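One structure below.
The values are calculated or read from the model by the stated rules, or taken from the named source; none is laboratory data. Owing to the predicted nature of the structure, the values given are computational and were not obtained by experimental measurement. Cβ placement follows ideal geometry from the backbone for every residue including glycine, while neighbour counts extend to all protein chains displayed. The accessibility values were calculated without ligands, DNA or RNA, using every heavy atom of the protein model including side chains. Shrake-Rupley method; radii C 1.70, N 1.55, O 1.52, S 1.80 Å.
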Amino acid sequence: MGTQHTSARPHAESRNAGKNRSSRRAGTAERRGVVHDNARHTTRFTVIGNHLAQHAELSLTAIGLAAHIQSLPSGAAIDIRSLAARFPEGTTRIAGALRELEAHGYLRRTRERTKDGLIVTRTVSCNQPGRTAAKDEPKPKRPAQREKKPKRRALPAVPQPAYPAPALLATALGVLSGLRRTDPRLLISATDAEHLVPGVAAWLERDLTPEAVHNALTTGLPAEPLHRPAALLAHRLAAQLPPLPPYRAPENPAAHHPLQNCDMCDRAYRAPEPGTCGSCSAA
(Lines give C-alpha, C1' and ligand atoms only; values in the text may rest on other atoms or scores of the structure.)
Protein backbone atom coordinates (compact mmCIF):
# COMPACT_ATOMS: atom_id res chain seq x y z
CA MET A 1 0.00 0.00 0.00
CA GLY A 2 2.82 2.38 0.68
CA THR A 3 4.77 1.46 -2.47
CA GLN A 4 5.12 4.18 -5.11
CA HIS A 5 5.14 3.25 -8.80
CA THR A 6 7.97 5.30 -10.25
CA SER A 7 7.37 4.04 -13.74
CA ALA A 8 3.78 5.24 -13.81
CA ARG A 9 3.08 8.29 -15.98
CA PRO A 10 2.14 11.46 -14.14
CA HIS A 11 -1.33 12.85 -14.47
CA ALA A 12 -1.69 15.33 -17.35
CA GLU A 13 -2.10 18.95 -16.30
CA SER A 14 -5.28 20.67 -17.21
CA ARG A 15 -5.26 23.18 -20.01
CA ASN A 16 -5.87 26.15 -17.67
CA ALA A 17 -3.33 25.17 -15.02
CA GLY A 18 -0.50 27.34 -16.46
CA LYS A 19 -2.78 30.32 -16.82
CA ASN A 20 -3.98 30.01 -13.27
CA ARG A 21 -0.43 29.98 -11.97
CA SER A 22 0.55 33.10 -13.96
CA SER A 23 -2.56 34.89 -12.88
CA ARG A 24 -1.82 34.00 -9.27
CA ARG A 25 1.72 35.41 -9.64
CA ALA A 26 0.40 38.61 -11.27
CA GLY A 27 -2.11 39.04 -8.53
CA THR A 28 0.60 38.65 -5.93
CA ALA A 29 2.74 41.26 -7.70
CA GLU A 30 -0.16 43.70 -7.88
CA ARG A 31 -0.82 43.29 -4.17
CA ARG A 32 2.86 43.90 -3.41
CA GLY A 33 3.46 46.93 -5.86
CA VAL A 34 2.34 50.51 -5.47
CA VAL A 35 -1.26 51.41 -6.02
CA HIS A 36 -2.02 55.00 -7.06
CA ASP A 37 -4.92 56.92 -5.61
CA ASN A 38 -4.65 60.05 -7.75
CA ALA A 39 -6.76 63.19 -7.73
CA ARG A 40 -6.58 65.89 -10.40
CA HIS A 41 -4.92 69.10 -9.16
CA THR A 42 -6.42 72.39 -10.22
CA THR A 43 -4.44 74.79 -8.01
CA ARG A 44 -1.04 74.87 -6.26
CA PHE A 45 0.68 72.12 -8.23
CA THR A 46 3.99 71.73 -10.08
CA VAL A 47 4.57 69.73 -13.28
CA ILE A 48 7.75 67.65 -13.05
CA GLY A 49 9.00 65.45 -15.88
CA ASN A 50 9.72 61.77 -15.42
CA HIS A 51 13.24 62.43 -16.66
CA LEU A 52 13.79 64.02 -13.24
CA ALA A 53 11.52 61.94 -11.02
CA GLN A 54 12.91 58.68 -12.44
CA HIS A 55 16.48 59.84 -13.11
CA ALA A 56 18.87 56.89 -13.16
CA GLU A 57 21.94 58.76 -11.86
CA LEU A 58 20.65 61.38 -9.45
CA SER A 59 20.38 60.57 -5.78
CA LEU A 60 17.05 60.63 -4.01
CA THR A 61 18.11 63.76 -2.17
CA ALA A 62 18.94 65.53 -5.42
CA ILE A 63 15.64 64.49 -7.03
CA GLY A 64 13.64 65.70 -4.04
CA LEU A 65 15.62 68.94 -3.85
CA ALA A 66 15.05 69.58 -7.57
CA ALA A 67 11.30 69.03 -7.11
CA HIS A 68 11.30 71.50 -4.22
CA ILE A 69 13.26 74.12 -6.16
CA GLN A 70 10.98 73.84 -9.20
CA SER A 71 7.95 74.38 -6.97
CA LEU A 72 9.30 77.67 -5.58
CA PRO A 73 8.38 81.07 -7.07
CA SER A 74 10.98 83.15 -8.88
CA GLY A 75 13.22 85.05 -6.49
CA ALA A 76 13.02 82.48 -3.67
CA ALA A 77 16.27 81.88 -1.76
CA ILE A 78 17.83 78.49 -2.56
CA ASP A 79 21.29 78.97 -1.10
CA ILE A 80 22.74 76.21 1.07
CA ARG A 81 22.01 77.98 4.37
CA SER A 82 18.38 78.68 3.49
CA LEU A 83 17.81 75.08 2.37
CA ALA A 84 19.59 73.66 5.44
CA ALA A 85 17.33 75.74 7.66
CA ARG A 86 14.30 74.32 5.84
CA PHE A 87 15.28 70.62 5.66
CA PRO A 88 17.02 68.25 8.11
CA GLU A 89 19.61 66.92 5.60
CA GLY A 90 22.30 69.42 6.57
CA THR A 91 24.61 71.62 4.56
CA THR A 92 26.91 68.81 3.36
CA ARG A 93 24.17 66.68 1.78
CA ILE A 94 22.39 69.72 0.36
CA ALA A 95 25.61 71.05 -1.19
CA GLY A 96 26.26 67.65 -2.77
CA ALA A 97 22.71 67.49 -4.14
CA LEU A 98 23.08 70.97 -5.66
CA ARG A 99 26.30 69.88 -7.36
CA GLU A 100 24.51 66.83 -8.77
CA LEU A 101 21.71 68.96 -10.20
CA GLU A 102 24.23 71.38 -11.69
CA ALA A 103 26.22 68.54 -13.26
CA HIS A 104 23.10 67.09 -14.91
CA GLY A 105 21.82 70.43 -16.17
CA TYR A 106 18.95 71.04 -13.75
CA LEU A 107 20.72 74.08 -12.25
CA ARG A 108 22.88 76.82 -13.76
CA ARG A 109 24.89 79.02 -11.43
CA THR A 110 26.78 82.05 -12.72
CA ARG A 111 28.52 84.96 -11.04
CA GLU A 112 27.46 88.50 -11.93
CA ARG A 113 28.44 91.97 -10.80
CA THR A 114 25.68 94.27 -9.56
CA LYS A 115 25.44 98.01 -10.11
CA ASP A 116 26.97 98.53 -6.64
CA GLY A 117 30.04 96.48 -7.64
CA LEU A 118 29.12 93.40 -5.59
CA ILE A 119 29.57 89.93 -7.07
CA VAL A 120 26.51 87.71 -6.57
CA THR A 121 25.64 84.18 -7.67
CA ARG A 122 22.69 83.86 -9.99
CA THR A 123 20.93 80.48 -9.96
CA VAL A 124 18.63 79.34 -12.77
CA SER A 125 16.44 76.25 -12.35
CA CYS A 126 15.91 74.23 -15.54
CA ASN A 127 12.94 71.90 -15.69
CA GLN A 128 14.24 70.45 -18.97
CA PRO A 129 18.03 70.03 -19.23
CA GLY A 130 19.68 70.70 -22.54
CA ARG A 131 17.99 73.99 -23.21
CA THR A 132 20.45 76.86 -23.59
CA ALA A 133 20.28 80.15 -21.76
CA ALA A 134 19.36 81.87 -24.98
CA LYS A 135 16.19 79.77 -25.20
CA ASP A 136 15.23 80.05 -21.54
CA GLU A 137 15.76 83.78 -21.18
CA PRO A 138 13.99 86.45 -23.21
CA LYS A 139 16.16 87.79 -26.00
CA PRO A 140 16.89 91.53 -25.99
CA LYS A 141 15.03 93.40 -28.64
CA ARG A 142 17.21 94.23 -31.58
CA PRO A 143 16.97 97.65 -33.13
CA ALA A 144 14.84 97.71 -36.20
CA GLN A 145 17.04 97.13 -39.20
CA ARG A 146 16.62 99.37 -42.15
CA GLU A 147 15.43 97.70 -45.26
CA LYS A 148 18.31 97.13 -47.61
CA LYS A 149 17.77 98.90 -50.88
CA PRO A 150 18.47 96.80 -53.96
CA LYS A 151 21.83 97.56 -55.51
CA ARG A 152 21.65 99.84 -58.52
CA ARG A 153 22.86 98.18 -61.67
CA ALA A 154 25.72 99.92 -63.42
CA LEU A 155 25.09 101.66 -66.74
CA PRO A 156 26.82 100.45 -69.91
CA ALA A 157 30.10 102.15 -70.78
CA VAL A 158 29.97 105.14 -73.12
CA PRO A 159 32.62 106.52 -75.53
CA GLN A 160 35.08 109.06 -74.17
CA PRO A 161 36.05 112.28 -75.94
CA ALA A 162 39.65 112.85 -76.98
CA TYR A 163 39.68 116.43 -75.66
CA PRO A 164 37.02 116.93 -72.95
CA ALA A 165 36.98 120.72 -73.02
CA PRO A 166 34.60 122.39 -70.52
CA ALA A 167 32.61 124.05 -73.34
CA LEU A 168 32.21 120.70 -75.09
CA LEU A 169 30.98 118.99 -71.93
CA ALA A 170 28.55 121.84 -71.23
CA THR A 171 27.08 121.47 -74.73
CA ALA A 172 26.74 117.71 -74.22
CA LEU A 173 24.89 118.25 -70.93
CA GLY A 174 22.52 120.62 -72.72
CA VAL A 175 21.75 117.90 -75.27
CA LEU A 176 20.88 115.43 -72.54
CA SER A 177 18.72 117.95 -70.67
CA GLY A 178 16.66 118.64 -73.81
CA LEU A 179 15.80 115.00 -74.51
CA ARG A 180 12.82 114.99 -72.13
CA ARG A 181 11.18 117.79 -74.14
CA THR A 182 10.89 115.44 -77.09
CA ASP A 183 10.05 112.32 -75.07
CA PRO A 184 9.15 112.66 -71.34
CA ARG A 185 10.32 109.07 -70.80
CA LEU A 186 13.93 110.25 -71.31
CA LEU A 187 13.98 112.13 -68.01
CA ILE A 188 17.24 111.06 -66.32
CA SER A 189 18.88 111.82 -62.98
CA ALA A 190 21.91 114.03 -62.45
CA THR A 191 24.02 110.94 -61.69
CA ASP A 192 23.01 109.30 -64.96
CA ALA A 193 23.64 112.54 -66.86
CA GLU A 194 27.16 112.73 -65.41
CA HIS A 195 27.80 109.23 -66.77
CA LEU A 196 26.37 110.01 -70.24
CA VAL A 197 27.94 113.45 -70.84
CA PRO A 198 31.32 112.08 -72.09
CA GLY A 199 29.50 109.87 -74.61
CA VAL A 200 27.56 112.81 -76.07
CA ALA A 201 30.79 114.84 -76.15
CA ALA A 202 32.45 112.08 -78.18
CA TRP A 203 29.65 112.41 -80.75
CA LEU A 204 30.02 116.20 -80.88
CA GLU A 205 33.77 115.80 -81.54
CA ARG A 206 32.88 113.97 -84.78
CA ASP A 207 31.46 117.10 -86.39
CA LEU A 208 27.86 116.39 -85.37
CA THR A 209 25.63 119.23 -84.33
CA PRO A 210 23.70 119.08 -81.04
CA GLU A 211 20.48 118.75 -83.06
CA ALA A 212 21.86 115.72 -84.89
CA VAL A 213 22.84 114.02 -81.63
CA HIS A 214 19.41 114.85 -80.19
CA ASN A 215 17.64 113.24 -83.13
CA ALA A 216 19.86 110.14 -83.00
CA LEU A 217 18.96 109.57 -79.35
CA THR A 218 15.22 110.21 -79.62
CA THR A 219 14.33 108.58 -82.97
CA GLY A 220 12.99 105.03 -83.12
CA LEU A 221 12.39 104.52 -79.41
CA PRO A 222 10.28 101.48 -78.36
CA ALA A 223 6.62 102.05 -77.63
CA GLU A 224 6.60 100.24 -74.28
CA PRO A 225 7.56 102.03 -71.03
CA LEU A 226 11.27 102.69 -70.50
CA HIS A 227 12.30 101.29 -67.13
CA ARG A 228 15.95 102.34 -67.52
CA PRO A 229 16.15 105.25 -69.97
CA ALA A 230 19.75 106.03 -69.03
CA ALA A 231 20.81 102.48 -69.93
CA LEU A 232 19.08 102.81 -73.33
CA LEU A 233 20.85 106.09 -74.03
CA ALA A 234 24.21 104.64 -73.00
CA HIS A 235 23.68 101.69 -75.33
CA ARG A 236 22.84 103.97 -78.25
CA LEU A 237 25.82 106.23 -77.62
CA ALA A 238 28.16 103.23 -77.73
CA ALA A 239 26.50 101.11 -80.41
CA GLN A 240 25.66 103.90 -82.90
CA LEU A 241 28.84 105.97 -82.51
CA PRO A 242 29.55 107.51 -85.94
CA PRO A 243 33.01 107.20 -87.50
CA LEU A 244 35.61 109.92 -87.33
CA PRO A 245 35.35 112.53 -90.09
CA PRO A 246 38.06 112.50 -92.79
CA TYR A 247 41.07 114.72 -92.22
CA ARG A 248 40.89 118.07 -93.96
CA ALA A 249 43.96 120.27 -94.37
CA PRO A 250 43.48 123.92 -93.35
CA GLU A 251 42.64 126.27 -96.25
CA ASN A 252 45.22 128.97 -95.34
CA PRO A 253 48.12 127.32 -93.55
CA ALA A 254 50.32 129.72 -91.72
CA ALA A 255 53.71 130.14 -93.45
CA HIS A 256 56.74 129.45 -91.32
CA HIS A 257 59.15 132.28 -92.24
CA PRO A 258 62.61 132.58 -90.72
CA LEU A 259 63.25 134.87 -87.79
CA GLN A 260 64.46 138.37 -88.64
CA ASN A 261 65.72 141.19 -86.42
CA CYS A 262 63.94 144.52 -86.84
CA ASP A 263 66.27 147.19 -88.22
CA MET A 264 64.70 149.84 -85.97
CA CYS A 265 63.82 148.16 -82.60
CA ASP A 266 66.00 145.06 -82.96
CA ARG A 267 63.10 142.79 -82.00
CA ALA A 268 62.75 139.34 -83.52
CA TYR A 269 59.94 138.74 -85.99
CA ARG A 270 59.19 136.34 -88.82
CA ALA A 271 59.45 137.59 -92.36
CA PRO A 272 60.76 136.29 -95.67
CA GLU A 273 63.34 139.12 -95.87
CA PRO A 274 65.10 141.45 -93.37
CA GLY A 275 63.48 144.80 -92.68
CA THR A 276 61.24 146.30 -90.00
CA CYS A 277 58.67 144.56 -87.83
CA GLY A 278 54.99 145.25 -88.10
CA SER A 279 54.94 147.73 -85.18
CA CYS A 280 57.76 149.83 -86.52
CA SER A 281 56.31 149.81 -90.03
CA ALA A 282 52.97 151.06 -88.72
CA ALA A 283 54.70 153.83 -86.74
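Results, tabulated for the structure shown:
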| item | result |
| --- | --- |
| Selection count where residues are β-branched (Val, Ile, Thr) and surrounded by fewer than 18 Cβ atoms within 10 Å (Cβ to Cβ), scope region 189-217 | 2 |
| Given (1) modelled with pLDDT under 90; (2) over 20 Å from SER74 (Cα atoms), index of the condition LYS139 fails | (2) |
| Number of the exception - GLU100 against (1) exposed (fewer than 12 other Cβ atoms within 10 Å of the Cβ); (2) under 18 Å from PRO129 (Cβ atoms); (3) of a type outside the set (A, V, I, L, M, F, W, C); (4) touching a helix residue (DSSP H, G or I) at 6+ places or on another chain (Cβ under 8 Å) | (1) |
| Long-range neighbours under 9 Å by Cβ, at least six apart or interchain, first residue touching a residue at least 40 places away in the same chain (Cβ under 8 Å) within region 67-87, second in a loop (DSSP other than H, G, I, E, B) and among the small types (Gly, Ala, Ser) | ILE69/ALA76 |
| Residues within region 173-193 that are part of a helix (DSSP H, G or I) and closer than 24 Å to PRO225 by Cβ, tallied | 14 |
| Residue check for LEU237: within 19 Å of PRO156 (Cβ to Cβ) and either aliphatic (A, V, I, L, M) or part of a helix (DSSP H, G or I) (or both) | yes |
| Tabulated pairs, region 206-234, first free of Cβ contacts under 8 Å to residues at least 40 places away in the same chain and hydroxyl-bearing (Ser, Thr, Tyr), second open to solvent by 40 Å² or more (accessible area, probe 1.4 Å) and not in a loop (DSSP other than H, G, I, E, B), C-beta under 8 angstrom, 6+ apart or interchain | THR218/THR182 |
| Where SER71 falls short, out of the listed (1) polar (S, T, N, Q); (2) open to solvent by 70 Å² or more (accessible area, probe 1.4 Å); (3) within 18 Å of GLN128 (Cβ to Cβ) | (2) |
| Pick from region 158-172, criterion outside any helix (DSSP H, G or I) and open to solvent by 80 Å² or more (accessible area, probe 1.4 Å), ranking: nearest to ALA201 (Cα to Cα) | GLN160 |
| So PRO242, is it exposed (fewer than 15 other Cβ atoms within 10 Å of the Cβ), more than 17 Å from PRO161 (Cβ to Cβ) and in contact (Cβ under 8 Å) with a residue 12 or more places away in the chain | no |
| Total residues in region 218-230, condition of a type in the set (Gly, Ala, Ser) and either buried (at least 16 other Cβ atoms within 10 Å of the Cβ) or at positive phi (or both) | 2 |
| Selected residue (criterion: modelled with the lowest pLDDT) from residues of region 119-136 that are in contact with a Leu (Cβ under 8 Å, 6 or more places away or on another chain) and among the hydroxyl-bearing types (Ser, Thr, Tyr) | THR123 |
